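Peer 1: Supplied in structure tokens, the structure appears directly below.
The values are calculated or read from the model by the stated rules, or taken from the named source; none is laboratory data. As the structure is a prediction and not an experimental result, all values here were calculated from the model. For neighbour counting, all protein chains shown are included, and Cβ atoms are generated from backbone atoms with ideal geometry for every residue, glycine included.
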Amino acid sequence: MTHRSAARTTSPEGPRDDDAARSPGRARPSEVSAHRGSNSGCEQDGATAASSSSAPDAGVPAETGGSLVWHTGWLRRAGAVAASATCFTAIVVALVYALDARWVDTAVLMLAGLGQVIAFLWFRAPWPRAVCSLVLLTAAVSAAQQLYNRIWWWDILIHFLAVHALVWMLWNRVLRGSAQLRDRMRDARREPYLLCALAGLSLATVWEIMELLGFLFVTPEIHIPPLDTLLDVTVGVLGAAMVGRHREPR
């Protein structure tokens, strides 16, 4: 009895060593923490390896996005060049009519070409240039091909669009040249529409006078009945008034 108690007193860790020997699956707390530390290091190495392996894949969308931006910019520049090139189409078509010795139609196309060149000079944005140029080209070709006599409503539509385009060109030039007027028109409600309508009335009247002179001195095929003239002037004024919604130069 005395020997056993002394053994336990002199070696208090003896039973613990015996328990560890008897239970080999039970690890000490220090060993568990060391094992966990080694596992966390492995997990960090695995995460680093995964991120490094996915790094090339992450670069692919950036390269693809850059390529798309480059292609989009190239397409925009090409579209702007093509839109501005429409400002010289009437001159090219006039040469085609000149080869066929259709001199009256050639003169009409050259007049439309002059309007296209003015659109090229008075606009800075390519798409307004293209819109006005195509409208003027359509009006001139329609006269050369006698579409006004074949389609009864075509003359009304072209007067609306053509006067709108001409007044837009003039209005854009005025806004670009006068900062004071531009600031005043930006906050105005009715004044821009009224000014554009008056400009359209002037242009539509000049248009009808030119048609009358053409009927008297060039060809009697030009259609100038009084009712048609009144209707053309009316739709021209309406088309011009729509320009008043543009408050900034293009």
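Peer 1: Might you check whether a residue that is in contact with a helix residue (DSSP H, G or I) (Cβ under 8 Å, 6 or more places away or on another chain) and under 25 Å from ALA144 (Cβ atoms) occurs anywhere in the stretch 196-203?
Peer 2: Yes, the stretch 196-203 contains a residue that is in contact with a helix residue (DSSP H, G or I) (Cβ under 8 Å, 6 or more places away or on another chain) and under 25 Å from ALA144 (Cβ atoms).
Peer 1: Exactly one condition in (1) buried (at least 19 other Cβ atoms within 10 Å of the Cβ); (2) not in a helix (DSSP H, G or I) is false for PRO128; which is it?
Peer 2: Unmet for PRO128, out of (1) buried (at least 19 other Cβ atoms within 10 Å of the Cβ); (2) not in a helix (DSSP H, G or I): (2).
Peer 1: Could you grab me the full set of residues in the stretch 224-237 that are under 20 Å from LEU161 (Cβ atoms) and surrounded by fewer than 14 Cβ atoms within 10 Å (Cβ to Cβ)?
Peer 2: Correct list: LEU230 only.
Peer 1: Out of ASP105, ASP57, I need the residue that is at negative phi and either at pLDDT 70 or above or among the basic types (Lys, Arg) (or both). Which one?
Peer 2: ASP105
Peer 1: Now a separate question. Going through the stretch 222-248 one residue at a time, which ones are without any contact (Cβ under 8 Å) to a residue 24 or more places away in the chain and either among the hydrophobic types (A, V, I, L, M, F, W, C) or under 18 Å from SER142 (Cα atoms) (or both)?
Peer 2: Of everything in the stretch 222-248, those that are without any contact (Cβ under 8 Å) to a residue 24 or more places away in the chain and either among the hydrophobic types (A, V, I, L, M, F, W, C) or under 18 Å from SER142 (Cα atoms) (or both) turn out to be ILE222, ILE224, LEU227, THR229, LEU230.
Peer 1: Follow-up question, since we're still on this one. Looking only at the stretch 83-124, which residues are closer than 19 Å to ASN172 by Cα, in contact (Cβ under 8 Å) with a residue 40 or more places away in the chain and assigned to a helix (DSSP H, G or I)?
Peer 2: Passing the criteria: ALA83, SER84, THR86, CYS87, GLY115, ILE118, ALA119, TRP122.
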